[in-house]
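Working notes, beginning with the structure itself.
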């Protein structure tokens, strides 16, 4: 209860129960493997002043939190609401800029003037947002709860007094008139007593010479954060001439500053998470790429995606005349691991990255690249992608692979997602097959879901938990990759046979050529 008005608690527009993490997370280790570092940089880069990356480094573990964010995202797809939220954010950015300017100013009256301007903009921004949220039908729990909190906040007597006092001080200061008399290199300041305003007279004289505005070629200098010592002295003299309005300004700053409400500040920053992501995907949507709000589950491992795509690749293709290829996948019943085989450069690694990106973005409560999706809300994503060999590392490539896989398995639970890309390429086929089967059995025992890109066809049909998907080629032109990954039995020999036929290298074709 504040001044007779009950102010409900509201902690976060990002977390359903208001349980905001107390520590700042680090970038997840798998980000570079999945190119999520590039994606998040593209999303947060335009809003660097808000430091949004920690929000994108902290996946949610509870499906209700995911749906809480999805609801806010969906409401913000209303263009009117988004425009009004952005208008509020711009005003709050002005407030932050004004208050930052205060820290750079040495002259007391001038500093307090900036505080007053920031307070006026803040009051206007908060009142306008409260009215805007009432006018627009909202469905998201987070926005509805914030709207109720904000309505109560602006009705508190404390806030009302703050706004009224700021306006009264501003009005009194704006009404001041004074004259500056410059004489023999000196100046003095006196009250205005009806003297002729030469500014008006000069403008009248030159009005007849006014022409339509033309393009200016003068160099524009940036505005100064402070004032000169002469300007400061003039302001000091004016304050002595009119002590009452400046005393009111002193009182306002002493009793009202700092004035920013913690909940308002938090909302201003956290809402940028949604704005940044929706701004990023809006351009991709205009290019015809689909996004959807996935169903998520922490228990059911039956998942699917229709028309999914690699978001990092789509972002790169924004600036090129290239087409993004869509792919589907699903796991049902006992199926857990998608084994992807096929020719090199056929889109297998892109598919694996897509699988990881989709699950991670879903865990952030964001719409994911695809037309329809149901995904698993995992506790962690564990990846093993080939890395350049470190010359300072005395371990061999095979030993390094084994140590990395061991570390992943030690950290895994049944709720983890594994993404393995072309491991054991440095050893013999026999050893690679043996090691891969052993690891697959461990993954099956853990009952994890994931993707394994491999050159070993027999892994794709190891047991009922493995699903075979193959990177396709054009049957009429086997050297041309389609980048489509289809659910079908692994058959590397079929691809080799297609190549052999294309270059007339089958046994029969060679015999025919020899006979000629």
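The values are calculated or read from the model by the stated rules, or taken from the named source; none is laboratory data. Here the structure is a predicted model, which means the values were calculated and not measured. Here Cβ is always computed from backbone atoms with ideal geometry, including for glycine, and neighbour counts include all displayed protein chains.
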Can you list the helices (runs of 4 or more DSSP H) found entirely within the range 102-215 that contain at least 1 residues being at negative phi, more than 35 Å from the chain's Cα centre (by Cα) and not assigned by TED's automatic domain parsing to the domain that holds residue 69?
-> 198-207
Of the residues in the range 384-419, how many are within 23 Å of residue 35 (Cα to Cα), modelled with pLDDT of 95 or more, touching a helix residue (DSSP H, G or I) at 6+ places or on another chain (Cβ under 8 Å) and not in a helix (DSSP H, G or I)?
-> 6
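Suppose the filter is touching a residue at least 60 places away in the same chain (Cβ under 8 Å) and in contact with a helix residue (DSSP H, G or I) (Cβ under 9 Å, 6 or more places away or on another chain); does residue 448 pass it?
Details: touching a residue at least 60 places away in the same chain (Cβ under 8 Å): yes; in contact with a helix residue (DSSP H, G or I) (Cβ under 9 Å, 6 or more places away or on another chain): no.
So residue 448 does not fit the description; no.
From 37, 75, 33, 64, which residue is exposed (fewer than 13 other Cβ atoms within 10 Å of the Cβ) and modelled with pLDDT of 95 or more?
64
Looking at 151, 156 in this structure, which one is closer than 30 Å to residue 271 by Cα and in contact with a strand residue (DSSP E or B) (Cβ under 6 Å, 6 or more places away or on another chain)? Even if it seems obvious, please write down each step before you answer.
Working: 151 fails: in contact with a strand residue (DSSP E or B) (Cβ under 6 Å, 6 or more places away or on another chain).
So the residue among 151, 156 that is closer than 30 Å to residue 271 by Cα and in contact with a strand residue (DSSP E or B) (Cβ under 6 Å, 6 or more places away or on another chain) is 156.
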When the range 59-81 is examined, which residues are found to be outside any helix (DSSP H, G or I) and either out of contact with any helix residue (DSSP H, G or I) (no Cβ under 6 Å at 6 or more places or on another chain) or outside the structural domain of residue 139 (by TED's automatic domain parsing) (or both)?
-> 61, 62, 77, 78
